[in-house]
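Accompanying notes for the structure given below.
The values are calculated or read from the model by the stated rules, or taken from the named source; none is laboratory data. Just so you know, these numbers come straight off a predicted model, no measurement behind them. Quick reminder, even Gly has a Cβ in these numbers, built from the backbone with ideal geometry, and neighbours come from all protein chains shown.
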Amino acid sequence: MIQRKSKREIEMMAEAGKLLAEVHKELAKLIKPGVTTKQIDQFVEKYLAEHGATPEQKGYNGYKYATCASINDEICHGFPRDEALKNGDIVTIDMVVNLNGGLADSAWTYAVGDVDEKTERFLNVTKTSLYKGIEQAQVGNRIGDIGHAIQQYAEAEGYAVVRDFTGHGIGPSIHEAPHIPHYGLPGKGTRLKEGMAITIEPMLNEGSWHSKMDDNNWTARTVDGERSAQFEHTIIITQDGPLILTEQES
Ligand code: MF3
Ligand code: CO
């Protein structure tokens, strides 16, 4: 069943989203060559605790960390670890914040140190694809409209859209119905209704869209070793258009 949120629920999720956006703005300053994803994870956990929030991913289906940290060819659900990030790497930090029961989910890919133009273009296109999807998250549109907008744009720019992981409904738990694929056909799928809370989180690959699973049964990576990037927001479908709960106002 697809839940529609009450005004009160949306307010609580918005508070969580605002805090999550603040965390990402802190990470943008913190992430540099030499920093480890374990240190990033510990920073997030401490920051959330200081702001009265908890990392919802920790303990979810046995997941052990506050964040997912996916480096270069890792698509998603990378484990934070004691390996220093290197100049030119890209790293996606994904987390779900629980603030007084309100949830918000947002992932962002960061360039580590100085990256070349090819990398900058890859990150820009991936971020823009998220906003192309959000534009379609309108009352009366269908889920396929979101995926179609993302896929059409991303593929025209020369990138592939990951199929094995999707956006999702969110609240009261991390993953609720419906799935929000980042590919698809316009006019197909469930109709979007006022009050739905969903994530849109396109993962684009420089090579093939196919993924393989690591032995840890969590981390997905590209089959060809090419890189993957991801940007994610939590949004509410409203009569006035999509309301982004996790926006990082510069
Ligand atoms: N934001 C992540 C997602 O939607 C949350 C994954 S839950 C975790 O895929 F436990 F894997 F972290
Ligand atoms: Co998500």
Being part of a loop (DSSP other than H, G, I, E, B), away from ligand 2 (no atom under 12 Å from the Cβ), hydrophobic (A, V, I, L, M, F, W, C) and within 24 Å of Met213 (Cβ to Cβ) is the filter here, so list the residues in segment 150-199 that pass it. Val162
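Residues that are under 25 Å from Arg4 (Cα atoms), more than 16 Å from ligand 1 (Cβ to nearest atom) and surrounded by fewer than 18 Cβ atoms within 10 Å (Cβ to Cβ): does segment 73-87 have at least one?
So the first thing to find is which residues in segment 73-87 are under 25 Å from Arg4 (Cα atoms), and the list is none.
Within segment 73-87, none of the residues are under 25 Å from Arg4 (Cα atoms), more than 16 Å from ligand 1 (Cβ to nearest atom) and surrounded by fewer than 18 Cβ atoms within 10 Å (Cβ to Cβ).
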Do you know which of the residues in segment 214-250 that are within 14 Å of ligand 1 (Cβ to nearest atom) and among the acidic types (Asp, Glu) is surrounded by the most Cβ atoms within 10 Å (Cβ to Cβ)? Glu232
Just checking, does segment 134-144 include any residue being under 13 Å from the mean Cα position of the chain (by Cα) and assigned to a helix (DSSP H, G or I)? yes
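Name the residues in segment 110-133 that are part of a helix (DSSP H, G or I) and of a type in the set (Asp, Glu), would you? Step through it out loud before you land on a result.
Residues of segment 110-133 that are part of a helix (DSSP H, G or I), as a first pass: 117-133.
The answer is Glu117, Glu120.
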Would you please list the contacts, defined by Cβ atoms under 9 Å and residues six or more apart or on different chains, that run from a residue in segment 96-109 that is more than 12 Å from Ala14 (Cβ to Cβ) and among the β-branched types (Val, Ile, Thr) to a residue that is in a loop (DSSP other than H, G, I, E, B) and near ligand 2 (Cβ under 10 Å from one of its atoms)? Val96/Gln57; Val96/Ile170; Val96/Ile174
What residue, of Gly113, Gly144, Gly102, is within 16 Å of ligand 1 (Cβ to nearest atom), more than 11 Å from Gln230 (Cα to Cα) and either of a type in the set (Gly, Ala, Ser) or surrounded by fewer than 24 Cβ atoms within 10 Å (Cβ to Cβ) (or both)? Gly102
Starting from segment 127-140, keep only residues that are among the basic types (Lys, Arg), then list their pairs with residues that are modelled with pLDDT of 95 or more whose Cβ atoms are within a distance under 6 Å, requiring at least 6 positions of separation or different chains. Lys127/Phe231; Lys132/Ala149; Lys132/Ile150; Lys132/Tyr153
Got at least one residue in segment 106-128 being within 16 Å of ligand 2 (Cβ to nearest atom) and out of contact with any Ser or Thr (no Cβ under 9 Å at 6 or more places or on another chain)? no
